[in-house]
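One structure below.
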Amino acid sequence: MSTPTELPACAQPCPSRRAALTFGAAAGAAALLTGCSTYGGSADADSGAAGNDAAADPGADASGGAEAGAGTAAVLAKTSDIPVGSGKIFAKKGVVVTQPTEGTFKAFSTVCTHQGCAVEKIADGTINCLCHGSKFTIADGSVAAGPAPKPLPARKIKVDGDSITLA
């Protein structure tokens with residue numbers, strides 16, 4: 001019969017089983033959240049609207065296509081950029097701007113209230129999340145089709161002449 005051999009002592013304190021499991025769970029959660037944040041397309045590109053998946057608006061860079069002086073908000077869009085009865089998604093800014101009726105502009109978060117995916121399309125009077133099919137009205141962000149449980153949160157914008165800025 002052989003005698004049990006002793007294992008060498010750790011040079012550093014060995015992590016407990018609980019610490020190892022906690023670290024593993026945290027790493028898994030981080031990977032899951034990273035996967036959700038980029039599901040369905042590029043979160044870095046501003047997307048077109050009016051019922052299509054147009055390419056990024058070249059004039060919608062970080063400065064909004066306008067020079068921003070000290071204390072001046074950068075222009076997000078021109079009023080003419082937002083189609084009546086539709087809108088435009090500004091993914092980099094996390095905002096969707098709509099014009100439900102001529103001259104009325106609304107803004108909402110791009111984060112779907114179902115599971116946090118980014119809305120990606122505007123068509124037929126709704127802002128659409130392609131992850132699970134939720135739809136929100138362009139007039140007030142209310143849920144037009146689930147599974148989203150709550151409306152899109154409103155964002156504050158300022159319309160000054162023909163310029164739209166985040167307030």
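The values are calculated or read from the model by the stated rules, or taken from the named source; none is laboratory data. If you're wondering where the values come from, they're calculated on a predicted model, not measured in any experiment. Cβ atoms come from the backbone with ideal geometry, glycine included; neighbour counts cover every protein chain shown.
Restricting attention to the stretch 99-110, which residues are crowded, with 16+ Cβ neighbours inside 10 Å and either within 10 Å of the chain's Cα centre (by Cα) or on the phi > 0 side of the Ramachandran plot (or both)? Can you show your working first?
Kept after step one, since they are crowded, with 16+ Cβ neighbours inside 10 Å, are these residues of the stretch 99-110: 99-100, 105-110.
The answer is S109, T110.
Out of T137, T104, T113, which single residue is β-branched (V, I, T), touching a Ser or Thr at 6+ places or on another chain (Cβ under 7 Å) and either farther than 20 Å from A77 by Cα or at pLDDT 95 or above (or both)?
T137
Consider the stretch 80-132. How many of its residues are assigned to a helix (DSSP H, G or I) and either in contact with a helix residue (DSSP H, G or I) (Cβ under 7 Å, 6 or more places away or on another chain) or among the small types (G, A, S) (or both)? Write out each step before concluding.
Initial filter on the stretch 80-132 (assigned to a helix (DSSP H, G or I)): 80-81, 91-93.
Remaining after also requiring either in contact with a helix residue (DSSP H, G or I) (Cβ under 7 Å, 6 or more places away or on another chain) or among the small types (G, A, S) (or both): 80, 91.
The total comes to 2.
Can you tell me which residue within the stretch 122-134, out of those that are buried (at least 23 other Cβ atoms within 10 Å of the Cβ) and of a type outside the set (S, T, Y), is nearest to K78 (Cα to Cα)?
Only one residue tops the list, namely I122.
List every residue pair whose Cβ atoms sit under 8 Å apart, with the two residues 6 or more apart in sequence or on different chains, where the first one lies in the stretch 113-132 and is in contact (Cβ under 8 Å) with a residue 40 or more places away in the chain and the second, anywhere, is in a strand (DSSP E or B) and of a type in the set (D, E, K, R).
I122/K88; I127/K121; I127/K135; L130/K121
Conditions (1) polar (S, T, N, Q); (2) within 26 Å of V75 (Cβ to Cβ); (3) within 15 Å of the chain's Cα centre (by Cα), marked per residue:
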{"residue": "E120", "(1), (2), (3)": "no, yes, yes"}
{"residue": "G141", "(1), (2), (3)": "no, yes, yes"}
{"residue": "A148", "(1), (2), (3)": "no, no, yes"}
{"residue": "R155", "(1), (2), (3)": "no, yes, yes"}
{"residue": "D162", "(1), (2), (3)": "no, yes, no"}
{"residue": "L166", "(1), (2), (3)": "no, yes, no"}
